[in-house]
């Protein structure tokens with residue numbers, strides 16, 4: 001799925017707009033319930049992450065993704 005987003009936009013907001021639910025817990029990055037994996041394998045907490053500037057495409061893998 002492809003979703004357009006602005007740099008600095010919270011990842012959870014972008015996912016919600018696309019109809020994707022990313023589980024959350026503490027909303028502070030401590031519990032890692034919202035952890036997703038960038039295409040390069042880097043794990044990040046979606047609750048405290050935003051779309052980076054200067055990166056036209058951000059690809060993430062979700063735990064619910066059957067290929068992940």
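The values are calculated or read from the model by the stated rules, or taken from the named source; none is laboratory data. The shown structure was predicted, so the numbers you read here are calculated from the model rather than taken from an experiment. Here Cβ is always computed from backbone atoms with ideal geometry, including for glycine, and neighbour counts include all displayed protein chains.
Out of 54, 19, 29, one residue alone is assigned to a loop (DSSP other than H, G, I, E, B), on the phi > 0 side of the Ramachandran plot and surrounded by 14 or more Cβ atoms within 10 Å (Cβ to Cβ). It is 29. Considering segment 34-43, and only residues there that are under 14 Å from residue 63 (Cβ atoms) and touching a residue at least 12 places away in the same chain (Cβ under 8 Å), the residue that is surrounded by the fewest Cβ atoms within 10 Å (Cβ to Cβ) turns out to be 38.
In segment 4-11, is there at least one residue being free of Cβ contacts under 8 Å to residues at least 40 places away in the same chain and touching a strand residue (DSSP E or B) at 6+ places or on another chain (Cβ under 7 Å)? For segment 4-11, residues free of Cβ contacts under 8 Å to residues at least 40 places away in the same chain and touching a strand residue (DSSP E or B) at 6+ places or on another chain (Cβ under 7 Å): absent. Scanning segment 37-50 for residues that are within 13 Å of residue 11 (Cα to Cα) and at pLDDT 90 or above yields 44, 45, 46, 47, 48, 49, 50. The single condition among (1) at positive phi; (2) touching a helix residue (DSSP H, G or I) at 6+ places or on another chain (Cβ under 8 Å) that residue 41 does not satisfy is (2).
Could you please let me know if residue 12 is outside any loop (DSSP other than H, G, I, E, B), touching a helix residue (DSSP H, G or I) at 6+ places or on another chain (Cβ under 6 Å), surrounded by 13 or more Cβ atoms within 10 Å (Cβ to Cβ) and modelled with pLDDT of 90 or more? So residue 12 fits the description; yes.
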